[in-house]
Amino acid sequence: MSQRIKVAAALKNGPIGALVDVRGWVRTRRESKQGFAFVELNDGSCMANLQIVVDQSVPGYQQFIKQLTTGSSIGVIGELKASPAKGQAVEVHARELTVFGTADAEKYPLQKKGHSFEFLREIAHLRPRTNTFGAMARVRNALCVAIHEFFQSRGFVYVHTPIVTTSDCEGAGQMFQVTTLDLARLAQKQAELDYTQDFFGKRASLTVSGQLEAETFACAVGDCYTFGPTFRAENSNTTRHLSEFWMVEPEMPFYDLNDNMRLAEDFIRSIIKYVLDHCADDMKFFAERIDKTVLETAENIVNHDFARVSYTEAIEILETCGQKFEFPVQWGTDLQSEHERYLAEQKFKRPVILYDYPRAIKSFYMRCNEDGKTVRAMDVLVPRAGEIIGGSQREERLDVLIERMQECGLNPDDYWWYLDLRRYGTVPHAGFGLGLERVLLLLTGMTNIRDVIPYPRTPKHAEF
RNA sequence: UCCCCGAUAGCUCAAUCGGUAGAGCGAGCGGCUGUUAACCGCUAGGUUCUAGGUUCGAGUCCUAGUCGGGGAGCCA
């Protein structure tokens, strides 16, 4: 009787001498005219391939051996043995081999060679079969597990905030509209859109943040977090932006900004450590093939405190550092990419938390400081990926919040339910948003955010 | 959306001053080998992104467009 096992299991502590059943896709075949062949089998369970030794005595050898091209799928039943040659500890000596599906070597796009990421993006349905994207899938998975473990172990409640929203006013950028109206027909008629006839009876969009809804749960069940897809219809064409990305948003009652910063720091450190501990082979691959510094960077984050400076202090540092910037440094304006990069990559060489930003450049819901000029906002900046966290202590005072809404040109009536949190049992609270893909940039050393998500959505791109 | 760069074989790229289109890898075939990004030989493979223009002659120069990459802004 054969035992079906994954390649990862076979390589790790496979039962030497046992008859195993392994299935997957052929990476390469090295054929000998002497009547045997070596086949590298990969099933995605780990980075490494399992070497299959196929002798011509295996039934059907002459028929199947030429079909074992890169990309073909096979099942092998054979004995797991210690390998006599260098390069692998174990190998499988085939007794039976089944070809599930062939892959025409002249047409199959993935070759036995390196491909550019630009090319692989055009065949995103096949790129998970490559080393880089297989590793990415496993690291991304581990990171998501780490996120849940972190919060669950601290008693946070996982809350599903809505994807579709009718609060047209979340304020965090352009939104994708959701409609069942027949736009093509309405365009011909050139009629005014009547949203009362639309599916939800009013204008609806995809969420740009689950924060406001998360706050309602934080003010009920306590510490909680949302983790899901987020949509921004900005016309951003950069290596750091996606139209559809995944965001983690914890929200905690009775937290002030310092508690928030401490949690953010523990959180990042913890999830990175988890990936280092659980994806050693994949991380080693990124270190060897993508960016030599990734392990160093990750360990540096795990082992050192983040720098913390107020916005005002950061401005002083930038003004006096002697570095020449393309854009001027000035109190009251947002920091430019080059400024943030200087702070994280040159000045501190580790993650930096900036806090207490000018109120004029931040959102209405951030708590106003007593100085009247700043709000209790924070951004976590890291080398390479830039801003991976944005958060704040929330304004819990009803009158101040209403005033701020008006200052920001928003109509408080639209936020009646959000304001109710301040009307009934208001509490100080805080939270932040973490961009999952930006953590992956930081972790893996990949430089384009389109290569850390399975199917990237960016302006003009929603293939597959 | 703005700025810069690019598009040549399946992939990655080369082609001098404007003068008959090349390599490596991949693929096929053969050789060799307990091989392992194997190695050696041979073969096939091209509307040089599209449409105009300049020229005796355009991969190369000009104009427009399409697509791609990088940077900026917006942010996570």
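The values are calculated or read from the model by the stated rules, or taken from the named source; none is laboratory data. These numbers were taken from a predicted model, which means no experiment stands behind them. Counting neighbours? That spans all protein chains shown, and the Cβs are built from the backbone with ideal geometry, glycine included. In case anyone asks, the SASA skips ligands and DNA or RNA and just uses the protein heavy atoms, side chains included. Shrake-Rupley method; radii C 1.70, N 1.55, O 1.52, S 1.80 Å.
Quick check: anything in the range A:238-251 touching a Gly at 6+ places or on another chain (Cβ under 6 Å), modelled with pLDDT of 95 or more and acidic (Asp, Glu)?
Yes, there is a match, as at least one residue in the range A:238-251 is touching a Gly at 6+ places or on another chain (Cβ under 6 Å), modelled with pLDDT of 95 or more and acidic (Asp, Glu).
Exactly one condition in (1) assigned to a loop (DSSP other than H, G, I, E, B); (2) at pLDDT 90 or above; (3) touching a Pro at 6+ places or on another chain (Cβ under 9 Å) is not met by A:CYS219; state its number.
Answer for A:CYS219: the failing condition is (1).
Inspect the range A:347-370 for any residue being part of a loop (DSSP other than H, G, I, E, B), open to solvent by 40 Å² or more (accessible area, probe 1.4 Å), farther than 24 Å from A:GLU437 by Cβ and away from RNA strand B (no atom under 16 Å from the Cβ) and give the result as yes or no.
yes
Do we find that A:ALA124 is within 18 Å of the chain's Cα centre (by Cα), in a loop (DSSP other than H, G, I, E, B) and not hydroxyl-bearing (Ser, Thr, Tyr) in this structure?
Values: within 18 Å of the chain's Cα centre (by Cα): yes; in a loop (DSSP other than H, G, I, E, B): yes; not hydroxyl-bearing (Ser, Thr, Tyr): yes.
So A:ALA124 passes the test.
Only one residue in A:LYS81, A:LYS107 is open to solvent by 20 Å² or more (accessible area, probe 1.4 Å), over 25 Å from the mean Cα position of the chain (by Cα), near RNA strand B (Cβ under 10 Å from one of its atoms) and at pLDDT below 90, so which one is that?
Testing whether each residue is open to solvent by 20 Å² or more (accessible area, probe 1.4 Å), over 25 Å from the mean Cα position of the chain (by Cα), near RNA strand B (Cβ under 10 Å from one of its atoms) and at pLDDT below 90 leaves just A:LYS107.
Kindly establish whether A:LEU120 is at pLDDT 90 or above, more than 11 Å from RNA strand B (Cβ to nearest atom) and either in contact with a helix residue (DSSP H, G or I) (Cβ under 9 Å, 6 or more places away or on another chain) or not polar (S, T, N, Q) (or both).
Criteria not met by A:LEU120.
Given A:HIS148, A:HIS115, which one is assigned to a helix (DSSP H, G or I), out of contact with any His (no Cβ under 7 Å at 6 or more places or on another chain) and closer than 30 Å to A:ASN42 by Cα?
Answer to the check: A:HIS148.
In the range A:257-276, is there at least one residue being crowded, with 21+ Cβ neighbours inside 10 Å, of a type in the set (Phe, Trp, Tyr), part of a helix (DSSP H, G or I) and within 15 Å of RNA strand B (Cβ to nearest atom)?
yes
Please enumerate the residues belonging to the range A:405-448 that are surrounded by 19 or more Cβ atoms within 10 Å (Cβ to Cβ), within 13 Å of RNA strand B (Cβ to nearest atom) and either assigned to a loop (DSSP other than H, G, I, E, B) or outside the structural domain of A:GLN393 (by TED's automatic domain parsing) (or both).
Hit for the range A:405-448 is A:MET446, nothing else.
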